[in-house]
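The values are calculated or read from the model by the stated rules, or taken from the named source; none is laboratory data. Values in this document were obtained by computation on a predicted structure and should not be read as measured data. Cβ: placed from backbone, ideal geometry, glycine included. Neighbour counts: every protein chain shown.
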Amino acid sequence: MKRRRPDKDELALWRQVADTAKPLHPRKTTHAPLNTSALTEKRPTKQERALTPFQIGESAEKSGVSSEAMKPAKQPLRMDKKAFDRMKRGKLKPQSTLDLHGMTLDRAHDATTGFILRCHASDLRLVLIVTGKGKRTKSESILPERQGVLRSQLPHWLALPPLNQMVLQVTEAHGRHGGGGAFYVYLRRRR
(Lines give C-alpha, C1' and ligand atoms only; values in the text may rest on other atoms or scores of the structure.)
Protein backbone atom coordinates (compact mmCIF):
# COMPACT_ATOMS: atom_id res chain seq x y z
CA MET A 1 0.00 0.00 0.00
CA LYS A 2 1.41 3.34 -1.03
CA ARG A 3 1.32 6.11 1.57
CA ARG A 4 0.02 9.47 0.42
CA ARG A 5 1.68 12.71 1.43
CA PRO A 6 -0.33 15.34 3.35
CA ASP A 7 -1.24 18.49 1.44
CA LYS A 8 -0.61 22.08 2.61
CA ASP A 9 -4.00 22.45 4.35
CA GLU A 10 -3.50 19.25 6.34
CA LEU A 11 0.00 20.32 7.35
CA ALA A 12 -1.30 23.72 8.51
CA LEU A 13 -4.02 22.02 10.57
CA TRP A 14 -1.48 19.65 12.09
CA ARG A 15 0.79 22.58 12.99
CA GLN A 16 -2.13 24.30 14.82
CA VAL A 17 -2.82 21.13 16.84
CA ALA A 18 0.87 20.60 17.62
CA ASP A 19 1.23 24.20 18.84
CA THR A 20 -1.58 23.71 21.40
CA ALA A 21 -0.04 20.52 22.78
CA LYS A 22 1.72 20.71 26.15
CA PRO A 23 5.22 19.13 26.04
CA LEU A 24 5.94 16.25 28.41
CA HIS A 25 9.52 17.39 28.92
CA PRO A 26 9.56 21.20 28.67
CA ARG A 27 13.36 21.48 28.97
CA LYS A 28 13.95 19.49 25.79
CA THR A 29 13.96 21.44 22.56
CA THR A 30 11.15 20.91 20.11
CA HIS A 31 11.68 19.77 16.56
CA ALA A 32 12.36 22.18 13.73
CA PRO A 33 9.40 23.37 11.65
CA LEU A 34 8.45 21.16 8.74
CA ASN A 35 9.68 22.13 5.29
CA THR A 36 6.50 21.89 3.23
CA SER A 37 8.26 22.57 -0.05
CA ALA A 38 10.31 19.35 0.33
CA LEU A 39 7.13 17.35 0.86
CA THR A 40 5.44 18.65 -2.27
CA GLU A 41 8.44 18.14 -4.58
CA LYS A 42 7.97 15.48 -7.21
CA ARG A 43 10.43 12.58 -7.11
CA PRO A 44 11.93 11.41 -10.41
CA THR A 45 10.39 8.26 -11.87
CA LYS A 46 12.41 5.23 -12.92
CA GLN A 47 12.52 6.41 -16.53
CA GLU A 48 13.69 9.89 -15.50
CA ARG A 49 16.65 8.60 -13.52
CA ALA A 50 19.76 8.91 -15.63
CA LEU A 51 21.97 5.89 -16.19
CA THR A 52 25.68 6.29 -16.56
CA PRO A 53 26.84 5.41 -20.07
CA PHE A 54 28.65 2.08 -20.41
CA GLN A 55 30.51 0.76 -23.44
CA ILE A 56 31.19 -2.91 -24.17
CA GLY A 57 34.69 -3.81 -23.07
CA GLU A 58 34.82 -1.06 -20.47
CA SER A 59 35.42 -2.16 -16.89
CA ALA A 60 32.63 -1.54 -14.43
CA GLU A 61 33.13 0.54 -11.30
CA LYS A 62 33.23 -1.17 -7.94
CA SER A 63 29.75 -1.54 -6.56
CA GLY A 64 30.79 -0.49 -3.06
CA VAL A 65 29.57 -3.77 -1.54
CA SER A 66 31.63 -4.52 1.54
CA SER A 67 33.10 -7.91 2.34
CA GLU A 68 30.80 -8.01 5.37
CA ALA A 69 27.78 -7.97 3.07
CA MET A 70 29.11 -10.97 1.18
CA LYS A 71 29.31 -13.14 4.31
CA PRO A 72 26.47 -15.59 4.93
CA ALA A 73 23.69 -14.43 7.17
CA LYS A 74 24.18 -15.16 10.85
CA GLN A 75 22.24 -18.04 12.31
CA PRO A 76 19.91 -17.47 15.22
CA LEU A 77 21.39 -18.57 18.53
CA ARG A 78 20.04 -22.02 19.43
CA MET A 79 22.37 -22.89 22.28
CA ASP A 80 23.17 -21.49 25.70
CA LYS A 81 24.47 -17.93 25.31
CA LYS A 82 27.16 -18.33 27.96
CA ALA A 83 28.50 -21.50 26.31
CA PHE A 84 28.29 -19.83 22.88
CA ASP A 85 30.34 -16.84 24.07
CA ARG A 86 32.98 -19.14 25.58
CA MET A 87 33.08 -21.12 22.33
CA LYS A 88 33.46 -17.99 20.17
CA ARG A 89 36.34 -16.77 22.39
CA GLY A 90 38.13 -20.11 21.94
CA LYS A 91 37.76 -21.06 25.62
CA LEU A 92 36.01 -24.37 24.87
CA LYS A 93 38.29 -27.06 23.46
CA PRO A 94 36.84 -29.14 20.60
CA GLN A 95 36.46 -32.79 21.54
CA SER A 96 37.25 -34.03 18.02
CA THR A 97 38.54 -32.57 14.76
CA LEU A 98 38.01 -33.34 11.06
CA ASP A 99 40.38 -31.88 8.46
CA LEU A 100 38.94 -31.61 4.94
CA HIS A 101 42.07 -30.13 3.29
CA GLY A 102 42.77 -31.67 -0.12
CA MET A 103 39.44 -33.51 -0.40
CA THR A 104 37.08 -33.30 -3.32
CA LEU A 105 33.57 -31.99 -2.75
CA ASP A 106 31.96 -35.48 -2.78
CA ARG A 107 34.61 -37.03 -0.55
CA ALA A 108 34.42 -34.12 1.91
CA HIS A 109 30.62 -34.39 2.08
CA ASP A 110 30.80 -38.12 2.85
CA ALA A 111 33.57 -37.59 5.41
CA THR A 112 31.58 -34.80 7.13
CA THR A 113 28.41 -36.89 7.30
CA GLY A 114 30.23 -39.90 8.77
CA PHE A 115 32.18 -37.72 11.22
CA ILE A 116 29.07 -35.98 12.59
CA LEU A 117 27.17 -39.28 12.90
CA ARG A 118 30.08 -40.90 14.81
CA CYS A 119 30.56 -37.88 17.09
CA HIS A 120 26.86 -37.70 17.92
CA ALA A 121 26.78 -41.45 18.66
CA SER A 122 29.79 -40.95 21.00
CA ASP A 123 27.99 -38.14 22.90
CA LEU A 124 30.50 -35.48 21.85
CA ARG A 125 29.18 -31.93 22.01
CA LEU A 126 31.76 -29.62 20.38
CA VAL A 127 33.66 -30.67 17.26
CA LEU A 128 35.85 -28.74 14.86
CA ILE A 129 35.74 -29.11 11.08
CA VAL A 130 38.68 -27.56 9.22
CA THR A 131 37.85 -26.61 5.63
CA GLY A 132 40.61 -24.14 4.81
CA LYS A 133 39.98 -20.68 3.44
CA GLY A 134 40.31 -21.58 -0.23
CA LYS A 135 42.57 -20.29 -2.97
CA ARG A 136 43.51 -16.62 -2.97
CA THR A 137 44.37 -15.96 -6.60
CA LYS A 138 43.69 -12.77 -8.49
CA SER A 139 41.93 -13.88 -11.61
CA GLU A 140 41.80 -11.66 -14.67
CA SER A 141 38.95 -13.74 -16.04
CA ILE A 142 35.56 -12.20 -16.76
CA LEU A 143 33.77 -15.10 -15.09
CA PRO A 144 33.84 -15.12 -11.29
CA GLU A 145 35.53 -18.02 -9.54
CA ARG A 146 34.22 -19.57 -6.37
CA GLN A 147 36.81 -19.43 -3.64
CA GLY A 148 36.71 -21.76 -0.67
CA VAL A 149 34.21 -24.24 -2.06
CA LEU A 150 34.35 -26.52 0.99
CA ARG A 151 34.10 -23.52 3.30
CA SER A 152 30.95 -22.27 1.57
CA GLN A 153 29.31 -25.71 1.31
CA LEU A 154 29.85 -27.01 4.85
CA PRO A 155 27.07 -24.93 6.53
CA HIS A 156 24.64 -26.09 3.81
CA TRP A 157 25.51 -29.75 4.38
CA LEU A 158 24.99 -29.38 8.12
CA ALA A 159 21.58 -27.75 7.57
CA LEU A 160 20.27 -30.69 5.50
CA PRO A 161 18.92 -34.04 6.76
CA PRO A 162 20.14 -36.23 8.44
CA LEU A 163 22.71 -33.90 10.02
CA ASN A 164 20.29 -31.06 10.85
CA GLN A 165 18.69 -33.26 13.53
CA MET A 166 22.03 -33.56 15.35
CA VAL A 167 23.55 -30.09 14.84
CA LEU A 168 22.57 -27.36 17.27
CA GLN A 169 24.90 -24.53 16.17
CA VAL A 170 27.51 -23.89 13.46
CA THR A 171 29.86 -20.93 13.73
CA GLU A 172 33.26 -19.81 12.50
CA ALA A 173 36.10 -20.95 14.74
CA HIS A 174 38.30 -18.75 16.90
CA GLY A 175 41.76 -17.89 15.59
CA ARG A 176 43.50 -20.43 17.82
CA HIS A 177 41.39 -23.21 16.29
CA GLY A 178 41.66 -22.17 12.64
CA GLY A 179 39.74 -18.90 12.38
CA GLY A 180 37.99 -18.33 9.05
CA GLY A 181 39.19 -21.70 7.72
CA ALA A 182 37.39 -23.80 10.35
CA PHE A 183 33.95 -24.18 11.91
CA TYR A 184 32.78 -25.12 15.37
CA VAL A 185 29.87 -27.56 15.24
CA TYR A 186 27.94 -27.83 18.48
CA LEU A 187 25.92 -31.07 18.61
CA ARG A 188 22.68 -31.86 20.40
CA ARG A 189 22.58 -34.37 23.23
CA ARG A 190 21.45 -37.87 22.36
CA ARG A 191 17.95 -38.73 23.49
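Figures for the structure shown
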{"quantity": "Matching residues, the range 61-91, being more than 16 Å from G179 (Cβ to Cβ), basic (K, R) and modelled with pLDDT of 90 or more", "calculated": "K81, K82, R86"}
{"quantity": "Odd one out for P94 among (1) part of a loop (DSSP other than H, G, I, E, B); (2) modelled with pLDDT under 90", "calculated": "(2)"}
{"quantity": "Residues of the range 144-191 classified as among the basic types (K, R) and assigned to a helix (DSSP H, G or I), total", "calculated": "2"}
{"quantity": "Odd one out for T104, checked against (1) touching a residue at least 60 places away in the same chain (Cβ under 8 Å); (2) more than 15 Å from F183 (Cβ to Cβ)", "calculated": "(1)"}
{"quantity": "Residue within the range 165-184 that is aliphatic (A, V, I, L, M) and modelled with pLDDT under 90 present", "calculated": "no"}
{"quantity": "Close pairs from the range 8-19: first among the hydrophobic types (A, V, I, L, M, F, W, C), partner at pLDDT below 90, Cβ under 6 Å, at least 6 apart", "calculated": "L11/T36"}
